[in-house]
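Okay, structure first, notes after.
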Amino acid sequence: MATPDFNDARRPAIFFVCTGALLLVLLSLSACTSMKAYDGAVRPSDEISVIRPDTDKAFTRVRILEVNDLPVGRFVPGLQVLPGRNTVYVQVTLDHPYLRDFFCFCETLTFETAPGATYTVHGKISPLLLTGYIWVEGDKTPGRVVVESIKTPIRTTTYPHCRTAG
């Protein structure tokens, strides 16, 4: 009587694991590049500005939805823009596991950018005060606020409250 060969049974599983790992590596590599948000040829880093969302918060998600009326993808870590006046449309969401509802607000911020500088968009929601804060800081002068706004967050039961929320 022949014994079954278990190596043949594991080959499809190994193939799917390897394929999944390869896809994850490709996705992570594509998520590491900044998006060019201007027309024309690629410029050197000292001729452009970079705007990026703050990703260091534990329970607050800051996401840039649009820059200068150009939609931004979900996994974009930074936006390369031309220096000068730029407008970003930002979504700030409170994503705390112990709160029953999520709070969210969207805000449009317009500010001047300098060549070779990086700007970080920060956001914070205080659910007890029902207040949301959003501000932009530059890397050349950390702690100095370039532009800020205070807004009342909206519970997600009133979705869709942002143009492209999600």
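The values are calculated or read from the model by the stated rules, or taken from the named source; none is laboratory data. Computed from a prediction, not measured in an experiment: that's the story for all the values here. Using ideal geometry, Cβ is built from the backbone for each residue, glycine included, and neighbour counts are taken over all protein chains shown.
Number of residues in the range 117-148 that are within 28 Å of residue 46 (Cβ to Cβ), assigned to a strand (DSSP E or B) and of a type in the set (Lys, Arg) equals 0. If I ask for residues that are of a type in the set (Val, Ile, Thr) and at pLDDT below 85, which ones from the range 73-87 would you list? 76 - this is the single residue of the range 73-87 that is of a type in the set (Val, Ile, Thr) and at pLDDT below 85.
Just wondering, is there one or more residues in the range 139-146 that are touching a Pro at 6+ places or on another chain (Cβ under 9 Å), at pLDDT 75 or above and farther than 19 Å from residue 65 by Cβ? No, the conditions are met nowhere in the range 139-146.
Consider the range 152-166 and keep the residues that are in a loop (DSSP other than H, G, I, E, B) and of a type in the set (Ser, Thr, Tyr). The one that is modelled with the lowest pLDDT is 164. Is it true that residue 136 is closer than 22 Å to residue 67 by Cβ, in contact with a Leu (Cβ under 8 Å, 6 or more places away or on another chain) and either at pLDDT below 85 or surrounded by fewer than 19 Cβ atoms within 10 Å (Cβ to Cβ) (or both)? No; evaluated as a whole, the condition is false for this residue.
Yes or no, residue by residue, for (1) modelled with pLDDT of 75 or more; (2) more than 18 Å from the chain's Cα centre (by Cα); (3) more than 27 Å from residue 39 (Cβ to Cβ); (4) in a strand (DSSP E or B):
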residue	(1), (2), (3), (4)
90	yes, no, no, yes
105	yes, no, yes, yes
115	yes, yes, no, no
150	yes, yes, yes, yes
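Against the test of being at pLDDT 75 or above, under 16 Å from the mean Cα position of the chain (by Cα) and aliphatic (A, V, I, L, M), the options 130, 70 yield a single qualifying residue, 70. Return a yes/no flag: does the range 69-77 have any residue that is without any contact (Cβ under 8 Å) to a residue 12 or more places away in the chain, in contact with a Lys or Arg (Cβ under 9 Å, 6 or more places away or on another chain), farther than 20 Å from residue 152 by Cα and of a type outside the set (Ser, Thr, Tyr). Yes - at least one qualifying residue is present in the range 69-77.
For residue 124, are the conditions met, namely being farther than 21 Å from residue 71 by Cβ, surrounded by 15 or more Cβ atoms within 10 Å (Cβ to Cβ), among the charged types (D, E, K, R) and at pLDDT below 85? No.
Among residues of the range 46-58 being exposed (fewer than 13 other Cβ atoms within 10 Å of the Cβ) and either of a type in the set (Gly, Ala, Ser) or within 22 Å of residue 126 (Cα to Cα) (or both), the one that is nearest to the chain's Cα centre (by Cα) is 55.
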